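Everything below concerns the one structure shown next.
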Amino acid sequence: MSSAKLVYEGKEFTLPVMEGTEKERAIDVRKLRAETGLVTYDDGYGNTGSCKSAITFIDGDQGILRYRGYPIEEVAERGRFTEVCYLLIYGRRPTLEELAAWRQKMTMHTLIHEDMKKFYEGYPPNAHPMAIMAAMVASLSSFYPDTDKDLDLNIIRILAKSKTLAAFAYKKSIGQPFVYPRNDMSWPANFLRMMFAVPAEEYEVPKAFEDAMNLLLILHADHEQNCSTSTMRMVGSSEANLYASLSAAICALWGPRHGGANQAVLEMLEELRASGEDYKSFLERVKKGDSKARLMGFGHRIYKNFDPRAKLLKTAADRIFDELGIHDPLLDLAKKLEEVALSDEYFVKRKLYPNVDFYSGIIYRAMGIPTDMFTVMFTLGRIPGWIAHYMEQRNDPDGYRIHRPRQIYTGETQRVFEDWGTKRL
Ligand code: CMC
């Protein structure tokens, strides 16, 4: 095993170096404080390995993403979302028999308790569906309080019910009656039907939409230690139950720097088009650091090359639009922005490329999904990834500690809290 040496105040300390299966190396600083009195400082955890994980591998310089060793391009082309859920959570592809049983279970648990429908009634019509999702997922723990006793069953429950919760949030926002799930449909088709069917008429889910939804779900399914997944592990480390931990992860995903970026991209494109501003002058404002102009859907903490998910989605967007004969000026605008940004020194120097959120929203829009549901769509895809990390943490043969980072205190040193005595009103 190799090691690294640290010299501090004339003394030498040896720190072990760990190596992963893809030759990624890390200095193990677990004993650093005990031996030196020092902690590490890493704002935003950009250089911190917070766990060992065998779920997803990313090489951000090469633009590589693999789920359990399988390249994302192959999983996206040949896989189905339900199978990917199993793969991520249980670490291997199911056999065809296991897959059939797994899919059957995932369709038998789609209904939510009728009492939960009352929760929806209390929300104002313009409530953001992410607020509803986070609350509903946490609320499931009150219907299944023994979450830990039968974790596998609760995993099935949330994977099955998440789409019902999401579709009900949408129906609530447009004032339509809820449409109940149907157990003879695929996961994506069942969801789209609950979104768009109305009680009096059946809704034929277009095959192109079902396939696009399957692709989007797969591409969002996991992405190692991002903000929401780290939240899942952080909350899970306190031994909070599965639903509570998922609810926290959903809230973390909501922000515009993370999963909320897909909504922000669409809003940016719509505003730019409506304002009539030339896209080149918008990019100039972005480069000047104008606080109102950031190229949403661009940049990534890990990818310093193309995000492979963005590549797949750009191709998918073209295919879907061709197949359905749709023309969306926002897709043209996005492509123009991408073209200029990719050859502009500002973006090239900073290695800023389109990420998964740059094209996903345009596809959701073509499917008729409203902008404020976009981050919910991301949530539906990411739930299996969060669960996989929660389970990996729980089943770690070395155990796990509660997550509790240190800080460098920069506040006041000790001072007196004066007694105001009778001067106090
Ligand atoms: N537009 C313009 N400049 C940018 C952008 C952008 N989208 N992203 C980064 N930069 C600049 C940034 O200002 C900084 O410049 P300088 O060195 O002059 O200060 C430099 O590039 C490095 O950026 P950073 O903010 O230090 O990078 P980060 O790793 O902390 O942040 C990010 C990553 C994704 C939060 C950021 O790139 C961003 O805000 N992008 C837009 C939001 C977005 O699309 N988020 C979705 C991420 S992918 C989906 C997901 O997994 O959540």
Problem set entry | Stokes-Einstein translational diffusion, segment 56-194 - Kirkwood Rh over all Cα pairs, 1.002 mPa s, 20 °C, in µm²/s | 128
Exercise. Per residue, how much accessible area does segment 261-366 show when a 1.4 Å probe rolls over the protein heavy atoms, in square angstrom?
Worked result: 50
Problem set entry | Sites matching GluC sites (Glu not before Pro) across segment 8-108 that sit in DSSP coil, with at most 16 neighbouring C-beta atoms within 10 Å | 9, 22, 24
Exercise. Hey, rough spin-label estimate for residue 285 and residue 176, points 7 angstrom out along Cα→Cβ, what's it come to in nanometres?
Worked result: 3.5
For this session: May I ask you to list the trypsin sites (Lys or Arg not before Pro) in segment 59-108 that are in a DSSP loop and have at most 15 other Cβ atoms within 10 Å of their Cβ?
Result: 92
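Quote to one decimal, in nm, the extra length available between residue 93 and residue 346 on full extension: 0.36 nm per residue of separation minus the C-alpha distance between them.
Full-extension gain reported as 86.8 nm.
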Exercise. So, with a 1.4 angstrom probe, what is the percent of accessible area on segment 261-366 that is carbon and sulfur?
Worked result: 47
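DSSP loop (so not H, G, I, E, B), at most 10 other Cβ within 10 Å: list which trypsin sites (Lys or Arg not before Pro) in segment 126-172 pass both filters.
Loop-located and lightly packed - 149.
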Problem set entry | Cα-based Rg / Dmax (Å) for the chain | 23.7, 80
Problem set entry | Two-decimal log10 I(q)/I(0) for segment 261-366, as the Debye equation yields it once each C-alpha is a single scatterer, q = 0.13 Å⁻¹ | -0.44
Exercise. Any idea of the accessible area per residue across segment 1-78, 1.4 Å probe, to the nearest Å²?
Worked result: 74
Problem set entry | Solvent-accessible heavy-atom area per residue, rounded to whole Å², over segment 155-222 at 1.4 Å | 32
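The values are calculated or read from the model by the stated rules, or taken from the named source; none is laboratory data. In this text the structure is predicted, and so the values were computed from the model without any measurement. Positions of Cβ are generated from backbone atoms using ideal geometry, with glycine treated the same way; all protein chains shown enter the neighbour counts. All accessible areas refer to the heavy atoms of the entire protein, side chains included, with ligands and DNA or RNA removed. Shrake-Rupley method; radii C 1.70, N 1.55, O 1.52, S 1.80 Å.
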